[in-house]
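The values are calculated or read from the model by the stated rules, or taken from the named source; none is laboratory data. Predicted model only: the values in this text are computed from it and were never measured. Neighbour counts are summed over all protein chains in view; Cβ atoms, including those assigned to glycine, are modelled from backbone coordinates with ideal geometry.
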Amino acid sequence: MKHMGAKPVVQTILSCCTAAVFLAACSGLQPAAQNAPLEINLVAINDLHGHLEAETRSYASTAEAAPHKFKVGGLDTIGGALSAWRAEDPQLLLVGAGDLIGASPALSSIWADEPTISALNQLGLRVSSVGNHEFDQGSAELLRYQHGGCKSNRPDKACQFDDHFPGAGFSYLAANVIDKATNRPLLAPYRIEQVRGVKIAFIGAVVRGTEKMVSADGITNVAFIDEADAINRWVPEIKAQGVSAIVVLIHQGGETPEPFDMSACSHLRGPIVDIVKHLDPAIRLVISAHSHNGYTCQVDGRTVTQGESFGHMLTRIKLTIDPRIADLQGKVTAIEARNVLMDQQRFAPDPALSVFLQTLKARSDLVLAQPIARIAVARIDNKINDAGESPLGDVVADSQLAATRKFGAQIAMTNHKSIRESLDSGAGGSNYAQVAATTPYGNTLILLSLTGSQLLALLEQQSWLEQDRPGGRIMLQVSRGLSYRWDAGRPLGQRVVPGSVKLNGVALQPQGQYRLSVNSFISQGGDGFSLLTQGADRVDTGINDLDALSHYLIASEHDGHPAGSAQADGRIVRVH
């Protein structure tokens with residue numbers, strides 16, 4: 001079916017509901033009551049990132065200013081909450097706003113995130129926007145997630161949990177991801193569901209900057225266009241099909257200092273605000289994501305929600321629709337939204353999902369529990385210090401230099417955001433699960449050459465301070481032997497102290513050539529490091545960053561000097 005052109009994307013056929021890719025099956029639905037408003041119940045999930053187990057976290061609600069610890073999330077707890085709510089309303093719709101997979105714990109990532117897709121199918125997810133992490137392994141792998149199959153760029157992981165992968169039982173939506181070959185959306189731009197005899201349209205979009213957040217090699221066939229423009233483009237076609245409400249599912253967000261459960265919060269800021277202000281007036285509800293912040297806010301008279309991350313909370317939304325009102329903008333007469341913690345003490349676990357989770361853990365433990373190597377301290381922390389350096393950043397950069405030195409690497413650099421977790425040591429040393437959680441993206445290591453002047457310019461592309469860029473601090477972690485100083489009092493673009501950048505104690509020569517090892521993501525300009533795209537004599541070593549780290553930890557222990565320390569090495573020094 002064509003996504004663009006003169007004919008509507010979704011055509012309603014009164015006699016049956018067979019052909020529409022984006023229209024839910026409508027057998028057995030009763031016509032809407034003509035003399036009374038209807039209540040439509042939605043539940044939204046975002047940024048799950050394959051977190052299928054519960055975690056202990058602290059939250060402060062509107063009722064209690066001081067944070068309290070809760071054991072929240074977990075596949076079976078989420079299933080229990082949904083079962084309770086579906087007992088109240090069997091027609092409740094579960095929808096998503098992206099990053100449901102990707103950057104996942106090892107429990108999911110070692111099986112190519114297929115268990116998470118299976119879990120979402122079992123939860124009854126109907127539709128979700130894509131997120132930037134759905135593109136971590138490229139657009140072809142995303143299409144495999146949607147349609148199923150075992151042809152993957154990760155044959156060692158795909159179809160290993162089950163020998164048949166059926167794909168998502170829900171529709172991924174991406175109005176602003178355009179296939180360059182067809183000039184049409186790569187995936188469905190929208191889907192229409194029928195509830196209580198009325199049609200609810202969902203339009204999906206992902207953060208426009210996705211191309212800077214994932215490896216470029218996997219997305220050469222697609223373009224990411226303006227979110228609001230792409231969403232608005234489909235509104236006339238949707239209106240023509242007699243919908244009663246249009247809901248946007250978008251993987252972009254903001255943040256607010258207000259509590260996660262504050263109703264109609266008013267201090268939302270961030271990229272989502274400008275997008276919402278440019279949406280068609282017929283859109284009254286925007287379910288957002290990406291910033292891992294919990295809120296239910298008002299922006300220009302519209303409701304904008306987000307349910308934090310990792311399945312720790314779900315967003316319950318009730319739309320009141322008056323089908324007697326002709327104007328689409330006025331049909332939704334009220335919107336109520338609130339975030340609900342997935343507190344294990346509040347919701348009884350779903351028995352079937354508990355069994356699924358136990359089976360998954362039992363099979364995964366055979367791999368994950370295997371100790372890899374001892375480390376020098378109980379925890380190698382990933383938190384960057386005031387200078388922008390973390391103890392784990394030092395170790396990861398050193399591991400990548402060690403893995404590529406045989407190819408001629410002199411320096412290794414990695415973006416701090418590619419390191420997701422601190423590295424802990426178990427009784428027998430750090431195991432596969434702990435190591436995999438630190439570097440979950442599956443990047444390969446790329447060699448390239450830069451001059452001394454280019455290396456200096458690369459360092460100046462960092463976001464030194466939180467206020468430098470909307471995305472906050474983005475610092476490069478550097479390997480042993482490279483050192484420099486920087487001054488926060490100097491202008492942006494001139495913060496590296498002149499003459500301070502040294503390799504093995506020798507100042508860089510502006511015209512000298514230096515061989516650099518970086519991960520495939522930043523090698524293509526990811527995280528704003530566009531200067532790396534100028535690197536000469538590029539070589540993809542094919543070495544995975546997780547393998548590099550694992551081998552380095554093993555080698556360090558065998559040499560009698562386990563890796564890691566409690567403090568950063570002092571390779572980066574902030575003078576003011």
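Some observations on this one:
Residue by residue, here is whether (1) in contact with a Pro (Cβ under 6 Å, 6 or more places away or on another chain); (2) surrounded by fewer than 24 Cβ atoms within 10 Å (Cβ to Cβ); (3) within 29 Å of Q194 (Cβ to Cβ) holds:
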{"position": "I250", "(1), (2), (3)": "no, no, yes"}
{"position": "C265", "(1), (2), (3)": "no, yes, no"}
{"position": "R269", "(1), (2), (3)": "no, yes, no"}
{"position": "D280", "(1), (2), (3)": "no, yes, yes"}
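- Among residues of the stretch 337-385, those that are in contact with a Leu (Cβ under 6 Å, 6 or more places away or on another chain) and small (G, A, S), counted: 2
- Scanning the stretch 44-63 for residues that are assigned to a loop (DSSP other than H, G, I, E, B) and either at pLDDT 95 or above or not polar (S, T, N, Q) (or both) yields N46, D47, L48, H49, G50, H51, L52, E53, A54, A60, A63.
- Hey, T116 surrounded by 19 or more Cβ atoms within 10 Å (Cβ to Cβ) and in the same structural domain as V235 (by TED's automatic domain parsing) or not: yes
- Residue match in the stretch 152-173 (condition: in the same structural domain as A44 (by TED's automatic domain parsing), of a type in the set (A, V, I, L, M) and either closer than 19 Å to V127 by Cβ or crowded, with 22+ Cβ neighbours inside 10 Å (or both)): yes
- Which listed residue, of Q434, Q467, Q454, is assigned to a helix (DSSP H, G or I), at pLDDT below 95 and not aliphatic (A, V, I, L, M): Q434
- From the list A81, A87, A66, the one residue that fits, being in contact with a strand residue (DSSP E or B) (Cβ under 7 Å, 6 or more places away or on another chain), more than 21 Å from A112 (Cα to Cα), hydrophobic (A, V, I, L, M, F, W, C) and not in a strand (DSSP E or B), is A81.
- Selection status of L279, assigned by TED's automatic domain parsing to the domain that holds Y172, within 14 Å of V304 (Cα to Cα) and out of contact with any Ser or Thr (no Cβ under 7 Å at 6 or more places or on another chain): yes
- Matching residues in the stretch 359-383 - criterion: being of a type outside the set (V, I, T), under 26 Å from the mean Cα position of the chain (by Cα) and in a helix (DSSP H, G or I): L360, K361, R363, S364, D365, L368
- Answer from F202, F310, F224, F260 - the residue that is among the aromatic types (F, W, Y) and modelled with pLDDT under 95: F310
- Flag if L357 is at negative phi, modelled with pLDDT of 95 or more, in contact with a Gly (Cβ under 9 Å, 6 or more places away or on another chain) and not assigned by TED's automatic domain parsing to the domain that holds S565: yes
- Inside the stretch 232-272, residues that are more than 18 Å from N46 (Cα to Cα), without any contact (Cβ under 8 Å) to a residue 40 or more places away in the chain and assigned to a helix (DSSP H, G or I) make up a count of 1.
- Output for the stretch 211-222, where each listed residue is more than 16 Å from H251 (Cα to Cα) and free of Cβ contacts under 8 Å to residues at least 60 places away in the same chain: T220
- Matching entry among A87, A103 (being out of contact with any helix residue (DSSP H, G or I) (no Cβ under 8 Å at 6 or more places or on another chain) and either farther than 19 Å from L249 by Cβ or surrounded by fewer than 16 Cβ atoms within 10 Å (Cβ to Cβ) (or both)): A87
- In the stretch 319-342, the qualifying residues are those that are in contact (Cβ under 8 Å) with a residue 24 or more places away in the chain and assigned to a helix (DSSP H, G or I), and the one that is surrounded by the fewest Cβ atoms within 10 Å (Cβ to Cβ) is Q329.
- When G560 is tested against (1) in contact with a Pro (Cβ under 8 Å, 6 or more places away or on another chain); (2) among the small types (G, A, S); (3) assigned to a loop (DSSP other than H, G, I, E, B); (4) farther than 21 Å from K417 by Cα, only condition (1) is not met.
- Residues considered: V273, V247, V214, V235. Of these, the only one that is modelled with pLDDT of 95 or more, within 20 Å of the chain's Cα centre (by Cα) and in the same structural domain as Q306 (by TED's automatic domain parsing) is V273.
- Residue in the stretch 538-555 that is of a type in the set (D, E, K, R) and in contact with a helix residue (DSSP H, G or I) (Cβ under 6 Å, 6 or more places away or on another chain) present: no
- Test set (1) buried (at least 24 other Cβ atoms within 10 Å of the Cβ); (2) farther than 26 Å from P510 by Cα; (3) touching a residue at least 60 places away in the same chain (Cβ under 8 Å) - A433 fails condition number: (1)
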